[in-house]
Amino acid sequence: MKYSDLAMGLKASEIRELLKLTTMPEVISFAGGLPAPELFPLEELTKVDVEILAKEGQQAVQYGTTEGYLPLREKIAGRMKKAFQVDCNPDEIVVTSGSQQGLSLLAQIFLNKDDVVLVESPTYLGAINAFKLCDPKFVEVPTDDKGIIPEALEKILAEYGDRVRLMYVIPEFQNPTGITWPVERRRAFMDIINHYDFPVIEDDPYGELRYDGDVVPSLKSMDEKGNIIFLGSFSKIFMPGLRVAWMVANPEVIDKIVKLKQAVDLQSSSFAQRQASFFIDMFDLDGHVEKIKDLYGKRRTLMCDSMKKFFPEGITFTYPEGGLFTWVTLPEYMDAKEIMPKVLEKNVAYVPGGPFYPNGGNANHFRLNYSNMPEERIVEGIKRLGDVLTQEIAK
Ligand code: PMP
């Protein structure tokens, strides 16, 4: 068989490959970004399903519009106001099959081969993979513990000018680092990008999962030119398997996205969209989010306290105010991917940091997830990891 150039360039995502290894029950996995399954509201979902079938059974299994189920888009507009300080109406919202689809569609409407896409350094691996299909040039914008460094961004923009066609950022509890941009950084960022016309994707699947600190306004809420495209998702606040997420953008972008989505999958699942919408009507999604925050906040603190206790000196990690991940930095001479087999031998898993940098390098980091493992396994896993790191650092 002869395959296209695109197919020939496909590589399995390193996260997927790792997840395969880590599904054995004995493995304490800090690798994936999985929500805690014990919090999925399954009893409520059973009632939701019965209600959907009774009230809108035929429509729920029928084709629907590409834009998405209107009552859900109306609720999303309300959530955008309440949680993200954004005024928008349902016409500016498209429901997507996960934010992952949003990323993929956006790349396809904005990027030609060799166009420049700006990303944080490091950035979300799933976005790198989605963008790569369009074969762009990735330019990594340096970051510090407050997110993108404005002066570095200005320099890059001066250098690449019109070649920049898209920028992608995760200002809230970033994947992989857990870092959140403070409001001053956001203002400085908006001041810079307001001088340009390229679109900026603000990807925010974790924004509602804040455990401490004050809420920071979203970039979209500061957007005066309509260049910010906001991605939100039900994956982390509800259930990822439904694949229901959303995009908020100006009407011109929405028009292109709807046309492309028609070609890709016609629409997101009629039934799953109703599951999210009916759940919000029948139960208390905000109360559910509070339960998630309680549990993950405890796990975050426990993981960071355990690292303090069991990790040797010379290793640093972020203390995220929300989200699902902390980012560990080893001394520069160490390589997290090389150490990985020794860690797996102890039945512990993390994601090596290298793949989060589209242009390579930076092997001395790894990402840890704290939402998915129960408390006793977090302590045990970090202890085992600490043992391996203590041996490796002493070499
Ligand atoms: N963006 C980021 C930053 C993520 O971490 C994830 C999921 N891990 C996604 C997008 C994709 O989420 P969804 O389930 O909505 O496709």
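The values are calculated or read from the model by the stated rules, or taken from the named source; none is laboratory data. Keep in mind that this is a model prediction, so the values were computed, not measured. Here Cβ is always computed from backbone atoms with ideal geometry, including for glycine, and neighbour counts include all displayed protein chains. All accessible areas refer to the heavy atoms of the entire protein, side chains included, with ligands and DNA or RNA removed. Shrake-Rupley method; radii C 1.70, N 1.55, O 1.52, S 1.80 Å.
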To the nearest 0.05, the calculated FRET efficiency linking R163 and Q262 through their beta-carbon distance, R0 being 35 Å, is 0.75
Under Stokes-Einstein, the range 346-386 at 20 °C and 1.002 mPa s, with its Kirkwood radius over C-alpha pairs, diffuses with a coefficient in µm²/s of 187 µm²/s
If the label point sits 7 Å along Cα→Cβ of K342, residues of the range 353-395 with amide N under 18 Å come out as 353-354, 363-367, 381-395
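If packing is taken as the average count of other Cβ atoms within 10 Å, what order do 182-191, 132-141 fall into, highest mean first? Let's see the in-between values first.
On the way: 182-191: 16.6, 132-141: 18.1.
Ranking, from highest mean packing down: 132-141, 182-191.
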The answer for I28, listing residues at least 5 apart or on another chain whose modeled amide H is closer than 5 Å to its amide H, is V348, A349
Length gained if K225 through E51 is fully extended, taking 0.36 nm per residue and subtracting the Cα-Cα distance, is 58.5 nm
Label model pair D335, N194: point-to-point distance (7 angstrom along the Cα→beta-carbon line) in nm is 4.7 nm
The extension gain from D214 to V61, computed as 0.36 nm times the residue separation minus the Cα-Cα distance, is 50.9 nm
Of all DSSP beta bridges having both residues in the range 311-373, the percent classed as antiparallel (nearest 5) is 100 percent
Any GluC sites (Glu not before Pro) in the range 269-378 that lie in a DSSP loop and have at most 13 other Cβ atoms within 10 Å would be E313, E332
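What relative contact order, as a whole-number percentage, does the range 308-395 give when Cα pairs under 8 Å and 6 or more residues apart are counted? Could you put the intermediate results ahead of the total?
Values: 115 pairs, mean separation 30.6, N = 88.
So the answer I get is 35 percent.
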Computed over the chain, the relative contact order (Cα-Cα under 8 Å, seq sep at least six) in percent reads 23 percent
Row for the range 34-74, column shape: gyration tensor on C-alpha, a ≥ b ≥ c, rounded if a/c < 1.5 i.e. under 1.5, prolate if a/b over b/c, else oblate; value oblate
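Please give the contour-minus-distance gain from E38 to D135: 0.36 nm per residue of separation, less the Cα-Cα distance, rounded to one decimal in nm. Walk me through the intermediate numbers first.
Working: separation 97, 0.36 × 97 = 34.92 nm, distance 3.96 nm.
31.0 nm is the gain from fully extending E38 to D135.
With a ≥ b ≥ c the root eigenvalues of the C-alpha gyration tensor of the chain, is it rounded (a/c under 1.5), prolate (a/b larger than b/c) or oblate?
Numbers: a/c = 1.56, a/b = 1.19, b/c = 1.31.
It is oblate, given that a/c is not under 1.5 and a/b is not larger than b/c.
Using just the helices of the chain, give the 222 nm mean residue ellipticity in deg cm²/dmol: DSSP H runs with n ≥ 4 each add -39,500 (n - 2.57), and the total is spread over all residues, rounded to 500.
Working: 13 runs with 173 residues, N = 395.
It lands at -14000 deg cm²/dmol.
Report in % the part of the accessible area of the chain that belongs to carbon and sulfur, leaving out ligands and nucleic acids; probe 1.4 Å.
Details: 9220 of 17630 Å².
The C+S portion of the solvent-accessible surface of the chain is 52 percent.
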Once normalised by the length of the range 52-170, the mean sequence separation of its alpha carbon contacts under 8 Å that are 6 or more apart gives a contact order in percent of 22 percent
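Among K82/K291; K146/K309; K82/K298; K346/K383; K309/K342; K55/K75, which pairs are too far apart, with a Cα-Cα distance over 22 Å? Could the numbers behind the result be given before it?
On the way: K82/K291 18 Å; K146/K309 25 Å; K82/K298 25 Å; K346/K383 10 Å; K309/K342 20 Å; K55/K75 18 Å.
Listed pairs above 22 Å: K146/K309; K82/K298.
Within the range 4-104, list the trypsin sites (Lys or Arg not before Pro) lying in a DSSP loop whose Cβ has at most 13 other Cβ atoms in a 10 Å radius. Numbers along the way, then the final one.
On the way: sites: K11, R16, K20, K47, K55, R73, K75, R79, K81, K82; in loops: K11.
Answer by residue number: K11.
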In nm, the gap between the two label points placed 7 Å beyond Cα toward Cβ at T316 and K291 is 3.9 nm
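Can you tell me the alpha carbon radius of gyration of the range 248-395 divided by the globular rule-of-thumb value 2.2 N^0.38 Å?
Working: Rg = 20.5 Å, N = 148, 2.2 N^0.38 = 14.7 Å.
Dividing the Cα Rg of the range 248-395 by 2.2 N^0.38 Å gives 1.40.
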Restricted to the chain, the DSSP antiparallel beta bridge percent, nearest 5, is 50 percent
FRET efficiency for M1 and N112 from the Cβ-Cβ distance with R0 = 30 Å, rounded to 0.05, comes out at 0.65
Rounded to 0.05, the calculated FRET efficiency for the beta carbons of V183 and K155 at R₀ = 30 Å is 0.85
